[in-house]
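Comments concern the structure below.
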Amino acid sequence: MNYLIIIIGAILVNNIVLMQFLGICPFLGVSKKISTAIGMGGAVAFVLVLATIVTYLIQNYILNTLGLAYLQTIVFILIIAALVQMVEIILKKVSPPMYQALGIFLPLITTNCAILGVALLTIQKEFNLVEGVVFAISNAIGFALALVIFAGIREHLETQNVPKGLQGTPIALIAAGILAMAFMGFSGLV
Amino acid sequence: MNQWKNFTKGFIKENPIFVLVLGMCPTLGVTSSAMNGLGMGLATTFVLVMANIVISMVKSFIPEKVRIPSFIVIIAAFVTVVQLMMQAYVPALYKSLGLFIPLIVVNCIVLGRAEAFASKNRVLSSAIDGLSIGLGFSFALVLLGGIREILGSGKIFDIALYSENYVSLIFVLAPGAFIVLGYLIAFINQIRKS
């Protein structure tokens, strides 16, 4: 039951992009086509889950035991940067087709606040490791869901007659606002 | 005159939010009131100025290949300083900004200025560049926060303007952030064109 609340809470009620405003840059940047949105969603999901596990272990077994909790921000961002590098190298060697698909998105992920945000939230909410992993996976699904829906909307917007002043970023933001309004309908669920 | 131009560019001409559309996460996340916007803006300005100064000082010692990780560590150090200072002196503001203070590390504006300006220019120009972009960012956050606060809770900087019976709550909630920013960018684009 507890896990169900975490899953529904993270995917629908407190959607990481539309309700918590984490990962807005890729949300606006790579949402022009559904296919690239799926690629980005997959790459983020992969790194997000991996980063949450590693930062959780480091926080609880190294930083807390040594009394270095104030180094959290510096350590976490370095771990994420190293992890992204590592994933890129391994993927290139092990699965070239997957590297082809996700490769261009990987360098962008280091500065995606969704990764660092979820890692910090997992520590803040005092989850245990299993809850943390469930939380990370749900957030990754939530991110991919928002990205793919939004890419669908933007593909349609391309063919519409948008007023001149609103073309480009403004209309994308307003569409995102309306999408966020739709997600508010879930707010009573948990 | 040149430094003056360097200082004023951040407000409209190269405004990080309205023109470059960078750093969207804190922009949308913390601007439910003008005060929060101001706090976030000044915290980011501090990090921007200090990181720019240090990076422009050490730029010649950093090997080309590890440039970006080194910049991130310098930025993260100053973010930690801000985090500890705010926790000590303005705990209420620190609490309402929450997660977005440590997330200044991944704000693309800070890394963007380090890479595009501080790694190529002298200390003084880099400091002025940081100040200019930081204050432009703060200006945009206060404007966005102010509009949302007026429409959504009938107040500005916590001073009541009209009865709460007439407010539309949607503007302080998540959808309001996207919609107000969308119209603001459209409005600024129009001004810049004419």
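The values are calculated or read from the model by the stated rules, or taken from the named source; none is laboratory data. Keep in mind that this is a model prediction, so the values were computed, not measured. Cβ sites come from the backbone with ideal geometry, for glycine too, and all protein chains shown count toward neighbours. Side chains included, ligands, DNA and RNA excluded: accessible areas come from the protein's heavy atoms. Shrake-Rupley method; radii C 1.70, N 1.55, O 1.52, S 1.80 Å.
For this structure, a couple of remarks:
- With DNA, RNA and ligands ignored, accessible area of A:L78 (1.4 Å probe; Å², nearest 10): 70
- Derived scalar couplings ³J(HN,Hα) [region B:37-48; Karplus, 6.51 cos²θ - 1.76 cosθ + 1.60; whole Hz; x for Gly, Pro]: x, 5, x, 5, x, 5, 4, 5, 4, 4, 4, 4
- Point-to-point label distance, A:L189-B:S194, nm (Cα→Cβ direction, 7 Å offset): 4.4
- Accessible surface buried upon B-A contact (total; probe 1.4 Å; Å², nearest 100): 2900
- Using C-alpha pairs under 8 Å with a sequence gap of at least 6, the mean separation divided by the residue count of region B:3-193 gives a relative contact order of 37 percent.
- Seen against the Cα atoms of chain A and their longest principal axis, helix A:169-184 is set at about 70 degrees.
- Per-peptide average of other Cβ atoms within 10 Å, ordering B:48-59, B:5-16 highest first: B:48-59, B:5-16
- Neighbouring partner chain Cβ atoms per residue of B:73-84, average, 10 Å criterion: 3
- Axis of helix B:123-153 versus longest Cα principal axis of chain B: the two differ by about 10°, to the nearest ten degrees.
- Amide H contacts of B:K155 (H built 1.01 Å from N, under 5 Å, at least 5 apart or other chain): B:I150, B:L161
- Each Cα pair under 8 Å and six or more residues apart adds its sequence gap; the mean of these over the residue count of chain A is a relative contact order of 44 percent.
- Label positions at B:Y166 and B:Q87, each projected 7 Å from the Cα along the C-beta direction, are separated by 4.4 nm.
- Cleavage-rule hits (trypsin sites (Lys or Arg not before Pro)) in region A:44-142: DSSP loop, at most 12 neighbouring Cβ within 10 angstrom: A:K125
- Computed with a 1.4 Å probe over protein heavy atoms only, the accessible surface of region B:3-193 comes to 44 Å² per residue.
- For region B:78-83, backbone phi angles converted through the Karplus equation (6.51, -1.76, 1.60; θ = phi - 60°) give residue-by-residue couplings of 5, 5, 4, 4, 4, 4 Hz, Gly and Pro being listed as x.
- Cα gyration tensor shape of the protein assembly as shown, rounded if a/c is under 1.5, else prolate or oblate by comparing a/b with b/c: rounded
- For the residue pairs A:K33/B:K193; A:K92/B:K65; A:K164/B:K193; A:K164/B:K155; B:K13/B:K95; B:K5/B:K193, the C-alpha atoms sit more than 22 angstrom apart in A:K33/B:K193; A:K164/B:K155; B:K13/B:K95.
- Largest-first ordering by accessible area, 1.4 Å probe, given options B:R113, B:R122: B:R122, B:R113
- Between helix A:34-58 and chain A there is an angle of about 20 degrees, using the helix long axis and the longest principal axis of the Cα atoms.
- Virtual paramagnetic centre 7 Å along Cα→Cβ of A:I5, amide N under 18 Å, in region A:87-127: A:122-127
- Averaged over the residues of B:19-31, the number of partner chain Cβ atoms lying within 10 Å of the residue Cβ comes to 4.
- Take each residue of peptide A:15-22, count the partner chain Cβ atoms within 10 Å of its Cβ, and average: the result is 5.
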